[in-house]
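The next block holds one structure in the form of structure tokens; read it before the comments.
The values are calculated or read from the model by the stated rules, or taken from the named source; none is laboratory data. Nothing here was measured: the structure is a model prediction, and the numbers come from that model. Remember, those area values only see protein heavy atoms, side chains included, never the ligands or the DNA or RNA. Shrake-Rupley method; radii C 1.70, N 1.55, O 1.52, S 1.80 Å.
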Amino acid sequence: MIMTNQRAGESLSASMRELCSRFRFREILVATIIAWWRCRHMVNSIDTFPSWLRRDLALSDD
């Protein structure tokens, strides 16, 4: 099933209305900031590289 832009917009709008009706703005904002920080932290972490790649890049193998 292909979703049109209008239906996608309506679905997003309905989801946002439900989210805002269930939680306060501050709770949504804090959750969004935490999710952003975790995602950014994961992207910048070298722990996700395999040990052979860390050695090839001359990074510590701790």
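Data table
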{"quantity": "Residue-averaged [θ]222 nm for the chain, counting only DSSP H segments that reach four residues, each worth -39500 (n - 2.57)", "calculated": "-23000 deg cm²/dmol"}
{"quantity": "Label assignment, percent of Cα pairs over 20 Å apart derived from the structure, set [x] 59; [y] 34; [z] 38", "calculated": "[x]"}
{"quantity": "Accessible area of the chain belonging to carbon and sulfur atoms, whole % at 1.4 Å probe", "calculated": "61 percent"}
{"quantity": "For the chain, accessible area per residue (1.4 Å probe, heavy atoms of protein chains only), Å²", "calculated": "97 Å²"}
{"quantity": "Contour excess over end-to-end distance, with Cα ends at Gln6 and Phe23 and 0.36 nm allotted per residue", "calculated": "3.6 nm"}
{"quantity": "Using θ = phi - 60° and Karplus 6.51 cos²θ - 1.76 cosθ + 1.60, couplings along the range 14-27 (whole Hz; Gly, Pro as x)", "calculated": "5, 5, 5, 4, 5, 4, 5, 6, 8, 10, 7, 4, 4, 5"}
